[in-house]
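The values are calculated or read from the model by the stated rules, or taken from the named source; none is laboratory data. On a predicted model such as this, the values are computed, not experimentally measured, just so you know. Cβ atoms come from the backbone with ideal geometry, glycine included; neighbour counts cover every protein chain shown.
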Amino acid sequence: MAAFKEGDRAAFRMLFDAYKKKIVNFCYRFCGVRETAEDMAQEVFLRVYRAAATYTPDAKFSTWIFRIAVNVCLNELRRPAYRYKTEPVDGWMKESVSDKKGYEPAAPRETSPDMMIEKHEQERIIRESIRKLPERQRVAFLLVNEGASYEEISQQIGLSESGVKSLIHRARETLRETLKEFLRE
């Protein structure tokens, strides 16, 4: 980002290439609609581009860009004509990038139509449950699932690390309770 701030346009392309998939996936997990997530990611990168002149490296770049992504997602959520719809796709987890341990989602096995319908329904229920979390819990939960540290999340949402841990714990407990009946099946 420092190189881009100094006028190196190729540096912005490198940032874009490094973070595009992560930002789109984060936005997608937040809203559940691929097109909306791509629009929100585009807005994130526009804000990064516009903020180059005023950028100061007070925190890690990833913390800064995800803070922008959180703000864009929350702004979208608060819009009166919110475009929140679920997508009948193979699932929000399948489209995520590999994690730091090199995990790649398994290739789909041949499944019966009944199994595919059941899988879609499970993913829809999980997405809806995450969507129903209180705003700060959802943000903290999604960020920790993107691999952000408690410290990074605390900087992004303006809470202490213990406050972040508490939010994530409450989010997990809420999801566990919400999905209890579903998980029994």
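Selection of the stretch 17-37 for residues being exposed (fewer than 15 other Cβ atoms within 10 Å of the Cβ) and not aliphatic (A, V, I, L, M) yields Asp17, Lys21, Glu35.
Out of all the residues in the stretch 40-49, which are of a type outside the set (Phe, Trp, Tyr) and either modelled with pLDDT under 90 or buried (at least 17 other Cβ atoms within 10 Å of the Cβ) (or both)? Of everything in the stretch 40-49, those that are of a type outside the set (Phe, Trp, Tyr) and either modelled with pLDDT under 90 or buried (at least 17 other Cβ atoms within 10 Å of the Cβ) (or both) turn out to be Met40, Ala41, Glu43, Val44, Val48.
Among the residues of the stretch 166-182, those that are assigned to a helix (DSSP H, G or I) and among the hydrophobic types (A, V, I, L, M, F, W, C) comprise Leu167, Ile168, Ala171, Leu175, Phe182. Of all residues in the stretch 130-147, one or more are small (Gly, Ala, Ser) and at pLDDT below 85. Against the numbered list (1) farther than 21 Å from Tyr19 by Cα; (2) at pLDDT 80 or above; (3) surrounded by fewer than 16 Cβ atoms within 10 Å (Cβ to Cβ), Lys119 comes up short only at (2).
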